[in-house]
Amino acid sequence: MAEQTAPAGAQQERPFTVAVLGGTGYTGAELIRLLAEHPNAELAFLSSERSAGQSVASVLPWLRNHPVAGKLKYRPLDELTEVDVAFGCLPGGQLPGKMGLVAERAKRVLNLAGDFRLRDPEQAAAHYPASAAWPEPFAYHVPEFDDVPENRFVNLPGCMAVSTIYALRPLLAAGLVEDDVVVDAKTGSSGSGRTSNEHPADRAGNFRVHKLFGHRHGPEIAQALADYAGGAAPRLQFSTYSLDTPRGIVITAYSRLRPGVTGLDVRRAYAASYARTPFVRLRQSPKSPQDFPMLKSVVGSNVAEVAVSVRDGRCVIVAALDNLLKGAAGQAVQVFNRLHGLPEATGLPFTAVAP
């Protein structure tokens, strides 16, 4: 894990003022819930164009009983006040055109949408064309593997991307597998956003293909894995599926070991990668289905679980996380903590919710 070194002068006695830009979607709402309970954060501004003037309680009924957050009101983004950190939770394509205003009024910007994740101009133009409206670079940051970024502007990984990174990074960084890698990603309905047009009756009791080819997280995953593999990206087959559940992602990755690589080599690579990561937990030597990562062990927490199994030269990795927490809002709070020299787990849950 990268060393956690706080920027000089980051500690302060008063809470850090924060803004949530796009506070009515699932990710923005989850951020409000986490930050409302964070001892070092003050919710200073919540934006929504459609719900401007309305209270959080009237828009997000699951937050209406919070004594502080429920009473806060949404305002148009153009009224953004000066804050220490602005969390971008706007739909893809909306933040770039507002970055001039946001950069003027926020000391740091943590973006959770995909706008600034891709470095290749052609890929960015294909998947996030509006990103060209803002010329300054965003640091792409995975808290378990990257140093605390010095950039004012940080873009966090997508939920399916970061779960795939947790599954594959140890193998690729150590050069243990052949170039062909297959990943299938199963995700709950909240991954489609709060404004999805999919009727619940179509999803209930169903398991179906989402995209076999061409998912927009594919280039992001290839870019990140190439970085961790020393510049050579694997040939990646990335397919996605829809689960009949509100939250959670399960990733299964399939690969073939290079000649001479043993199961012990693989286990050592994963143990070294996750020995000191508070929120990525390695499930060592799982023997029964209950021992493997699953939704019931992670949903409601900021924990990602990873397990690896090797047999006859083949390697299968399973990873699971809550897409709205470790895959989005929880990960953002984790980075917020690291940026400000706070204990990494401040304000974040370790245990899942059941049943």
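The values are calculated or read from the model by the stated rules, or taken from the named source; none is laboratory data. What you see is a predicted model; the values in this text were computed from it and never measured. Glycine gets a Cβ as well: all are built from the backbone with ideal geometry, and neighbour counts include every protein chain shown. What goes into the accessible areas is simple: the full protein's heavy atoms, side chains included, and nothing from ligands, DNA or RNA. Shrake-Rupley method; radii C 1.70, N 1.55, O 1.52, S 1.80 Å.
Restriction of the trypsin sites (Lys or Arg not before Pro) in segment 42-95 to DSSP coil positions whose beta-carbon has at most 10 other beta-carbons within 10 angstrom yields ARG50. Evaluating 6.51 cos²θ - 1.76 cosθ + 1.60 at θ = phi - 60° for every residue in segment 155-168, the Karplus couplings come out as 10, 8, x, x, 5, 6, 5, 5, 5, 5, 4, 4, 6, 10 Hz, glycine and proline recorded as x. Could you state, as a whole-number percent, how many of the C-alpha pairs of segment 255-355 are farther apart than 21 Å? Taking all Cα-Cα pairs of segment 255-355, the fraction more than 21 Å apart is 41 percent.
Enter the angle in degrees (range 0 to 90, nearest 10) between the Cα long axis of helix 217-228 and the first principal axis of the Cα atoms of the chain, meaning the one along which they spread out most. The answer is roughly 70 degrees. Rounded to the nearest 20 debye, the dipole magnitude of segment 40-85 is 360 debye, with +1 charges on Lys and Arg beta carbons, -1 on Asp and Glu beta carbons, and the Cα centre as origin. Give me, ordered by chain and number, the residues 5 or more places off ASP146 or on other chains with an amide H under 5 Å from its own placed amide H. Correct list: ALA2. Per-residue ellipticity at 222 nm computed for the chain from its helices equals -6500 deg cm²/dmol, with DSSP H segments shorter than 4 residues left out and the rest contributing -39,500 (n - 2.57).
Computed from the Cα positions only, the extents of segment 148-246 along the three principal axes stand at 45, 37, 19 Å, in decreasing order. The H on the amide N of GLU42, modeled in the peptide plane, is under 5 Å from the matching H of PHE16, THR17, VAL18, each at least 5 residues off or on a different chain. Residue separation of HIS199 and ALA125 scaled by 0.36 nm, minus their Cα-Cα distance, works out to 23.6 nm of gained length.
Dipole check for segment 124-262: with +1 at the C-beta of Lys and Arg, -1 at the C-beta of Asp and Glu, and the Cα centre as origin, the magnitude is about 420 Debye. Sites listed here are trypsin sites (Lys or Arg not before Pro) in segment 258-355 whose DSSP assignment is loop and whose Cβ has at most 15 other Cβ atoms within 10 Å: ARG276, LYS287. Accessible area per residue for segment 175-317 is 51 Å², calculated with a 1.4 Å probe on protein heavy atoms, without ligands, DNA or RNA. The stretch between LYS296 and ARG152, if pulled fully straight at 0.36 nm per residue, gains 48.2 nm over its current Cα-Cα span. In whole percents, the pair-distance distribution calculated for the chain from its alpha-carbon pairs, binned every 20 Å from zero, is 30, 60, 10, 0.
Go through segment 152-258 and name the GluC sites (Glu not before Pro) that are in a DSSP coil and have 14 or fewer other Cβ atoms within 10 Å of their Cβ.
GLU198
Our compactness index for segment 172-329, the C-alpha radius of gyration over the empirical 2.2 N^0.38 Å, is 1.07.
Rounded to the nearest 20 debye, the dipole size of the chain about its Cα centre is 800 debye, using +1 on the Cβ of Lys and Arg and -1 on the Cβ of Asp and Glu. Report, to the nearest whole %, how much of the accessible area of segment 91-160 belongs to carbon and sulfur atoms, 1.4 Å probe, protein only. That fraction is 50 percent. Fully extending the segment from ASP78 to ASP312, taken as 0.36 nm per residue of separation minus the present Cα-Cα distance, adds 78.4 nm.
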